[in-house]
Amino acid sequence: MRFGIDLGGTKTEILALGDRGEQLLRHRIATPRDDYGDVVRAISELVRDAESKLGRRGSVGVAIPGAISRKTGLVKNANSTCLIGHPLDKDLSAALQREVRVENDANCFALSEASDGAGTSRDTVFGIIIGTGIGGGICAGGRVLAGAHGIAGEWGHNPLPSPRGRQETENAPRCYCGRYGCIESWCSGPAVVSHYEARTGRTLSVPDIVEAARRGEGPAVAEMEAYYDRLARSIASIVNVLDPDIIVMGGGLSNIGALYAELPPRVEHYAFTPEGPTNIVKNMHGDSSGVRGAAWLWHEDEVALALPE
């Protein structure tokens, strides 16, 4: 039995998977705020309570909005800032008296979709998360590729490729990371809302902008065309480096149905001589991918063995 924990900014979820990947238990609680010790205690209690209900002991994997530094062994780059500077995996291992694996939530998303989701049986899977921010994770041969510094797949903080026009060259928006013109500052959900507001003076949600474009509203059509082009340029830069077998999209903006028709030919146009469009698909497990991937952290070797040669 495998337990996956998805530690989010507002909620923490536990999922128990059986030997065949079937769901045995699922439960959510509010994430403790601003206290690292409370976070460790809450996760430990979730696992103990689940084991008590199921009458079985299981492995534990945890998805976090950050990464464990290979240099220091401490959490870094976490949106939940109370985690930063702490050895979360070691503290949880001590509390639960077993090894606990901790991985970035975007990597867990990619692993989930590679294990039994939209990227099943594909050798190289790039998982994209586009919502309030932009993240990504890579699975190769059924294993998470975290990288030497734990930042593999963090394409959202690359600069927007091939900037064009004064807006993109001279008026690049500032990203929360402190730099200007990051892909995240152009292609995230808040970015779409902000750019549409600058174009029209009106504030609409992303679904409303998409619907307005569908109805043929001129400014919304223009905004979405610009969005598809920027996103395609950004994805093409990943294709040129990684050339994944499949790209699986997650996050709130993955629900824009037009993406799956608009992006492949545009990415093919911008990428370096691909032989046909890159396969870009929607995720299979939705909001469950992070917590499922955390559970699958203890299944990577088996997944790798199951991949076709």
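Below, the figures for the structure above:
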{"quantity": "Selection within the range 62-97 - of a type in the set (D, E, K, R) and either in contact with a Leu (Cβ under 7 Å, 6 or more places away or on another chain) or at pLDDT below 95 (or both)", "calculated": "70, 71, 76"}
{"quantity": "Residue match in the range 264-286 (condition: within 30 Å of residue 26 (Cα to Cα), free of Cβ contacts under 8 Å to residues at least 40 places away in the same chain and surrounded by fewer than 22 Cβ atoms within 10 Å (Cβ to Cβ))", "calculated": "yes"}
{"quantity": "Candidate set from the range 138-152 (those that are in contact with a helix residue (DSSP H, G or I) (Cβ under 7 Å, 6 or more places away or on another chain) and under 17 Å from residue 278 (Cα atoms)); member that is most open to solvent (accessible area, probe 1.4 Å)", "calculated": "138"}
{"quantity": "Residue satisfying all of: in the range 174-204; without any contact (Cβ under 8 Å) to a residue 40 or more places away in the chain and touching a Phe, Trp or Tyr at 6+ places or on another chain (Cβ under 7 Å); most open to solvent (accessible area, probe 1.4 Å) among these", "calculated": "174"}
{"quantity": "Selection status of residue 244, touching a residue at least 24 places away in the same chain (Cβ under 8 Å) and not polar (S, T, N, Q)", "calculated": "yes"}
{"quantity": "Test result for residue 96, on the phi < 0 side of the Ramachandran plot, hydrophobic (A, V, I, L, M, F, W, C), surrounded by fewer than 21 Cβ atoms within 10 Å (Cβ to Cβ) and out of contact with any helix residue (DSSP H, G or I) (no Cβ under 9 Å at 6 or more places or on another chain)", "calculated": "no"}
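The values are calculated or read from the model by the stated rules, or taken from the named source; none is laboratory data. Keep in mind that this is a model prediction, so the values were computed, not measured. All Cβ positions, glycine included, derive from the backbone under ideal geometry; neighbour counts span all protein chains shown. SASA here: full protein model, heavy atoms, side chains in, ligands and nucleic acids out. Shrake-Rupley method; radii C 1.70, N 1.55, O 1.52, S 1.80 Å.
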